[in-house]
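These notes are about the structure you will find just below.
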Amino acid sequence: MKGMMKCEECFDLLLDYLEKNLDAGTRQRLDEHFAACPPCVNFLESYQSCAEMAQQLRDQLVEIPQELESRLKAFLREEVAKG
Ligand SMILES: [Zn+2]
């Protein structure tokens with residue numbers, strides 16, 4: 001039978017849903033599930049804010065790795081020079 005999508009299926013597709021990687025049909029099935037399943041909407045919302053937080057964290061960290069990388073390279077050069 002062509003029943004509603006299961007919650008587990010939703011969880012698997014959640015990331016693609018948020019990143020809009022799903023085809024229209026799958027997306028619609030998810031929307032239908034969310035319309036009928038408030039717990040999944042709650043989960044989606046907390047997942048989304050989590051993802052946004054991670055994104056913001058990544059944005060803030062963008063400058064650090066370059067600094068870290070040059071330090072690491074300098075360190076490695078010294079180590080190599082030492083033999
Ligand atoms: Zn659900």
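The values are calculated or read from the model by the stated rules, or taken from the named source; none is laboratory data. What you see is a predicted model, and the numbers here were worked out from it, not measured in a lab. Every residue, glycine among them, receives a Cβ derived from its backbone with ideal geometry; neighbour counts consider all protein chains shown. Surface accessibility is based on the protein's heavy atoms, side chains included, excluding ligands, DNA and RNA. Shrake-Rupley method; radii C 1.70, N 1.55, O 1.52, S 1.80 Å.
Laid out as a table, the results:
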| read-out | value |
| --- | --- |
| By accessible area with a 1.4 Å probe, ligands and nucleic acids excluded, highest first: order of ASP23, ASP12 | ASP12, ASP23 |
| Options ALA35, GLN56, GLN66, ranked by Cα towards positive dipole end of the range 26-79, top entry (Cβ charges) | ALA35 |
| Principal axis box of the chain, alpha-carbon based, largest edge first, Å | 70, 23, 19 |
| Cysteines in the chain lacking a second Cys C-beta under 4.7 Å | CYS7, CYS10, CYS50 |
| Dipole in debye (nearest 20) - the chain, about Cα centre, beta carbon charges: Lys, Arg +1; Asp, Glu -1 | 180 |
